[in-house]
Amino acid sequence: MYYRRIVLIIVFFVFILNETGVGQVSQGGRPKTTSVLKSASIHVVKMPAVNNEQLEKQSVKDFNTSPQLKSFNFATTFDVSFTTQNSGEWSVADDGTQVWKLKIYSKGAKSINLIFDKFFLPDGARLFLFNEKESYYLGAFTSFNNKSSGKFAVSPVLGDELTVQYEIPAGYPKTESFEIKSVNHDFVGILKSDDRRPRDKLAGSCNIDVNCEIGSKWKDIKDAVCRLIVNGREICTGTLINNTSQDEKPYIISAAHCYDYWNYAETTIYAFNYESPYCAPLDGDPSNSISGAKMKARFDSLDFALAELSLVPPPEYRPYYAGWDRSGDLPDSSVTIHHPQGDIKKISFDYDAPQIDNFSTGSFTYTTNGFFKIVRWDGGVTEGGSSGGSLFNSKKKIIGTLTGGSATCFNPEKDYFERFDMSWDYKSDTTKQLKHWLDPLNTGAEVLDGERFYVDQDYCAAITHLNDDDVHKNVLIDDDGQFAGYWGGTNNIGITEFMEHFSGTGNEELQGVSFGVGKLVKQFASNSKITLKIYKGNSFPETEIHTKIIYISDLVEDAMNYIGFTSPVEADADFWVGFELSNMAEQDTFVVYQSLREPDLENYFFYKKDGVWLDFNEASNGMYSMVNVFELVACNVGTISDSSDSYLLEDPLEITIYPNPANDIFTLEAGQDISVDKVSVFNLLGKMVNVQYLNVQQRKVQIDLSGNVPGIYFVKYNNGKNFVTKKVSYVPW
């Protein structure tokens, strides 16, 4: 246990050193600069010209073959062989560091990513990838990123040019430490940029964000799901899965067709927590990623693949190891969580039993009766990029992985998932079965529960005050009918600091925060910065306990941006997290999204104007409340007690319901003493329905919907001042 703890501490510090929060594990920092006199011109290599529109048309054509596989091809590959010996230029930085640079240009690329081979950096060396024009940086990568395979895949860099900069201390020999083997030209646009994705390659509008209230029952399971960028050109979905040793082996289960070759696992990037913080199509941050894995088992005819990550996901990734069920029993309903079109995480529901069926692509026939067929999705669908996403039964156990199908938002029918029970030991070869890897103790278990192994200090969670009713936007300041800037950022009325109020137990260790950046205007070569700040205090921010300078050029507009704190911060029961506009150039703009709320809802937004802290609700004379689009990552958060004298709510006028969706019975909790004569339940037609009230407590009551038809219902509660209404989905499993 002591050894494990030391390893986790080492891994943790490598992660928190990432300055920008972009890309997989890196140590942050900036590339060194070289003076004009000490450096030669940067060598530029140009990739062959390609036509993005033609490439995308071909990709769509390939995908539209019926029934289609559901991976998502976004890039074309150029095979190359660039090393520090045959390409680029060496120069010397002002401090004597030896610097090698190579610029790669691929005209029209939306982003570029590289695959390295023979990757073995010496201690003290640093590698960066960046696009100065787009102010987009990855790195530093160091000897920590060395792997026994010698392979190393990096996340995409925005734009059609990319500079590779390799730095070694003075006196080091200029030996080859890597070879760039492939350059991948993104013809779709999978990164957030000013024009979003130019051809609208986002998940269809029928898809459901995983953090909507309807998905709250699956909050553990969603943390097992990750997005795969396979060999720099294809997107799929995978799931972190438990084994009977319960030893935190980081196995990822996905689809075989996502990995064209066995060794593609080594050049795949696995991104966790790429999701919106709440029920809204707000682009997430893919920085919780791990580069590389080793394939353990793969079988084409049942279309499954099992790979072991090169690194155990650290605590702040909040990993959950999903359970499984190999009994082969047909569930009465099912769910899948996935990344359609490579977009943020979505959840889909089928309230009926799947069917056992065959699947073929026309050119390839899979194992007879090797698939579960979803006849019709009742909420959400799957799309390209969803391949490999797990199918879960009502007990939250994996029973299959997505291969393909014809379901779309327009016709949500016929998707096919590999049967986990058949993949278990259909083949005796251990490289073509799951049993050898997922039951290493040979227990014979048919069902295994999921597990979140990090506990106590290492138990981490993402915390936000946003809910389904919030709508994020750039909230304008109106000063006597004149536009005066934004409540969430740049303004001309004297607001300098913007804080979100959090409450906890006082034992939390704060790891980082994601800002939902709503507007970002930066002039070329701008060095504008904001200062991230954390305060302690009771009614208002009082004592500053942590600061960190952030270049706005490191942030991305219309997306969540994760910023790791320099070191874990110990919080009080009341604390504030936010930023100060203290280093901004006059011509630049920085704004975070906010949600303007009705005055009876709790206000979380506090700001400093002309040196004085103000509560937004009080400053607006009680007309409005506000919440910032922030998501805080904290460890040592503990768990919420389910005892009768422990309550989730403090606001006497508010109510909450859980679980949602509900299986017959759900709990209504109020912020005040409750009586059932103040509670009523209505269907979509506005008709009151019959329910049973069970286990009535001081501020809680259980409501039984059994006997009603599945669907959406509204719970109305009279709090003595007005009526509060909550929506609940009734899904009898």
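The values are calculated or read from the model by the stated rules, or taken from the named source; none is laboratory data. Just so it is clear, the model here is predicted, and its values are computed rather than measured. Backbone-built Cβ (ideal geometry, glycine too); neighbour counts: all protein chains shown. Just the protein is used for accessible areas: all its heavy atoms, side chains included, with ligands, DNA and RNA removed. Shrake-Rupley method; radii C 1.70, N 1.55, O 1.52, S 1.80 Å.
Diffusion coefficient of the stretch 311-417 by Stokes-Einstein, Kirkwood radius over Cα pairs, 37 °C, 0.692 mPa s: 228 µm²/s. Measuring against 31 Å, Cα to Cα, the residue pairs 346/678; 346/432; 147/536; 396/548; 345/435 contain 346/678; 147/536; 396/548 as the ones spanning a longer distance. Taking 4.7 Å between beta carbons as the limit, the unpaired Cys residues of the chain are 226.
Do you know the relative contact order of the stretch 368-467, to the nearest whole percent, from alpha carbon pairs under 8 angstrom that are 6+ apart? Taking the mean separation of contacting Cα pairs over the length of the stretch 368-467, I get 22 percent.
Couplings 3J(HN,Hα) for the stretch 465-477, derived from phi with the Karplus relation 6.51 cos²θ - 1.76 cosθ + 1.60 (θ = phi - 60°), are 9, 6, 9, 4, 7, 6, 10, 7, 6, 7, 7, 7, 9 Hz, where x marks Gly and Pro. Charge dipole (Cα centre; +1 on Lys/Arg Cβ, -1 on Asp/Glu Cβ; no other charges) of the stretch 434-547 amounts to roughly 620 debye.
Too long at a 29 Å Cα-Cα cut-off: which of 174/529; 217/716; 61/727; 373/397?
Beyond 29 Å: 174/529; 61/727.
Computed over the chain, relative contact order equals 11 percent, with contacts defined as Cα pairs under 8 Å that lie 6+ residues apart.
Take peptides 379-385, 473-479, 590-596 and line them up by average Cβ neighbours within 10 Å, highest first, as a rough protection proxy. Mind showing how you got there, number by number?
On the way: 379-385: 27.0, 473-479: 14.9, 590-596: 24.9.
Ranking, from highest mean packing down: 379-385, 590-596, 473-479.
Charge dipole (Cα centre; +1 on Lys/Arg Cβ, -1 on Asp/Glu Cβ; no other charges) of the stretch 215-351 amounts to roughly 120 debye. Annotation: per residue accessible area for the chain equals 40 Å², rounded to a whole number [probe 1.4 Å, protein chains only]. Surface composition of the chain: carbon and sulfur make up 48 percent of the accessible area, probe 1.4 Å.
In terms of accessible area, using a 1.4 Å probe and ignoring ligands and nucleic acids, 582, 363 rank largest first as 363, 582. Across the stretch 239-321, C-alpha contacts under 8 Å between residues 6 or more apart give a mean separation that, scaled by the residue count, equals a relative contact order of 34 percent.
The listed peptides 490-497, 501-508, ordered by packing as a protection proxy, come out as 501-508, 490-497 (highest mean of other Cβ atoms within 10 Å first).
The overall shape of the stretch 112-174, judged from the alpha-carbon gyration tensor, is oblate: a/c is not under 1.5, and a/b is no greater than b/c.
With n ≥ 4 as the cut-off for DSSP H runs, can you work out [θ] at 222 nm for the chain, using -39500 (n - 2.57) per run divided by the number of residues, rounded to the nearest 500?
The per-residue figure over the chain is -1500 deg cm²/dmol.
Computed about its Cα centre, the charge dipole of the chain is approximately 2040 debye, with only Lys, Arg, Asp and Glu carrying charge at their Cβ.
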